[in-house]
Amino acid sequence: MLLAIDCGNTNTVFSVWNGSEFLCSIRTSTHHGRTADAYFTWFSTLAKHYGVPLDITDVVISSTVPRVVFNLRVFSDRFFNCRPLVVGKPDCALPVDPRVDNGVAIGPDRLANVAGCHDRYGGDAVVVDFGTATNFDVVSEDGAYIGGVIAPGVNLSLEALGKGAAALPHVDVTQPEKVIGTNTVGCIQSGVFWGYIGLIDGIVQRIKSEYGRPMKVIGTGGLAPLFAQGEMLFDEIDYDLTMHGLTVIHEHNKNLP
């Protein structure tokens, strides 16, 4: 079985893939000081809880936090006796090479999103990924990553607002009942929710106009369903797009001559 690991700036997800479906997906906070032994204790305990056997034969990793990769490599080698495939490293081939400026480092999660999107929905698409940052990844007809947009993430914006304006309370992100807030919490919720609706729609429309062809819009990440409420922003919401992309990249490398 394959263990797919997606390590973001805020959260890390471990998903076990049996070749046809994910048996479980387990989430923890990202911490660069977590050791290989700590990873295994946490992962094995929860895998047992979900009734998932630990007969892992392969590991694929996407990490936007370089400092955690070493311990994840040790984790894979020590407990599953395998060398992990790390997306973005020279020995990890992509189904289609990116077409961007020379020397540009592309986030591994974005590469996984593009691979997963093309496999499930085809090309000519935009993936909107709600993470620590809100990423817009453009997928060409043949499945290449050809660029995108990076905007501040929703929770990051809320944290910045709280730190920069001491009198304002922390609020949860939700769709407000009306646009015009009649109290502080309502005003903040309206600004964040409708502000991001406008940001997503505006950027997607500009991408479509510049791309010059019809495009599908795929939403992923924890907050994607929230921003799809009542708005025709996305053609599809795909909760495990990044993890699926990791399985696609792993399969591609496995089948190389």
Filtering the stretch 205-233 down to residues that are under 14 Å from F136 (Cα atoms) and in contact with a Lys or Arg (Cβ under 9 Å, 6 or more places away or on another chain) yields M215, V217, I218
Given the conditions (1) surrounded by 12 or more Cβ atoms within 10 Å (Cβ to Cβ); (2) farther than 28 Å from F22 by Cβ; (3) free of Cβ contacts under 8 Å to residues at least 24 places away in the same chain, every one holds for S209 apart from (1)
Residue count, the stretch 164-189, condition without any contact (Cβ under 8 Å) to a residue 40 or more places away in the chain and either closer than 16 Å to V127 by Cβ or within 25 Å of the chain's Cα centre (by Cα) (or both), comes to 4
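Is it the case that the stretch 182-196 has a residue that's closer than 21 Å to G107 by Cβ and either buried (at least 18 other Cβ atoms within 10 Å of the Cβ) or not basic (K, R) (or both)? So that I can check it myself, show each step before the final result.
Here is the first cut: in the stretch 182-196, the ones closer than 21 Å to G107 by Cβ are 196.
With the extra rule that they be either buried (at least 18 other Cβ atoms within 10 Å of the Cβ) or not basic (K, R) (or both), the set shrinks to 196.
Within the stretch 182-196 (the criterion being closer than 21 Å to G107 by Cβ and either buried (at least 18 other Cβ atoms within 10 Å of the Cβ) or not basic (K, R) (or both)), the answer is yes, since at least one residue qualifies.
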Every listed condition ((1) part of a loop (DSSP other than H, G, I, E, B); (2) aliphatic (A, V, I, L, M); (3) more than 22 Å from Y239 (Cβ to Cβ)) holds for V185 save (1)
Within the stretch 239-257, residues in contact (Cβ under 8 Å) with a residue 40 or more places away in the chain, farther than 20 Å from T57 by Cα and surrounded by fewer than 21 Cβ atoms within 10 Å (Cβ to Cβ) come out as D240
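Inside the stretch 214-238, can you point out the residues that are of a type in the set (V, I, T), open to solvent by 20 Å² or more (accessible area, probe 1.4 Å) and more than 14 Å from the chain's Cα centre (by Cα)? First the steps, then the outcome.
Within the stretch 214-238, the first condition is being of a type in the set (V, I, T), and the residues that meet it are 217-218, 220, 237.
Filter again for open to solvent by 20 Å² or more (accessible area, probe 1.4 Å), leaving 237.
Within the stretch 214-238, none qualify.
For the stretch 124-154, name all the residues that are assigned to a loop (DSSP other than H, G, I, E, B), at pLDDT below 95 and either open to solvent by 10 Å² or more (accessible area, probe 1.4 Å) or over 16 Å from D6 (Cβ atoms) (or both). Spell out the reasoning first.
First, pick out the residues of the stretch 124-154 that are assigned to a loop (DSSP other than H, G, I, E, B): 124, 131-132, 140-144, 153.
Filter once more, so that each one left must be at pLDDT below 95: 131-132, 153.
Passing the criteria: G131, T132.
Among the residues of the stretch 210-237, what is the count of those that are outside any loop (DSSP other than H, G, I, E, B) and at positive phi? Please lay out each step first, then the result.
Here is the first cut: in the stretch 210-237, the residues outside any loop (DSSP other than H, G, I, E, B) are 210-211, 216-221, 224-227, 236-237.
Adding the requirement that they be at positive phi leaves 221.
Selection size over the stretch 210-237: 1.
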When restricted to A115, A125, A93, the only residue hydrophobic (A, V, I, L, M, F, W, C), touching an Asp or Glu at 6+ places or on another chain (Cβ under 9 Å) and in contact (Cβ under 8 Å) with a residue 60 or more places away in the chain is A125
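The values are calculated or read from the model by the stated rules, or taken from the named source; none is laboratory data. Everything numeric here is computed off the predicted structure, so don't read it as measured data. When we count neighbours, we look across all protein chains shown, and the Cβ atoms used for this are built from the backbone with ideal geometry, even at glycine. We work out accessible area using only protein heavy atoms, side chains counted, and drop any ligands, DNA or RNA first. Shrake-Rupley method; radii C 1.70, N 1.55, O 1.52, S 1.80 Å.
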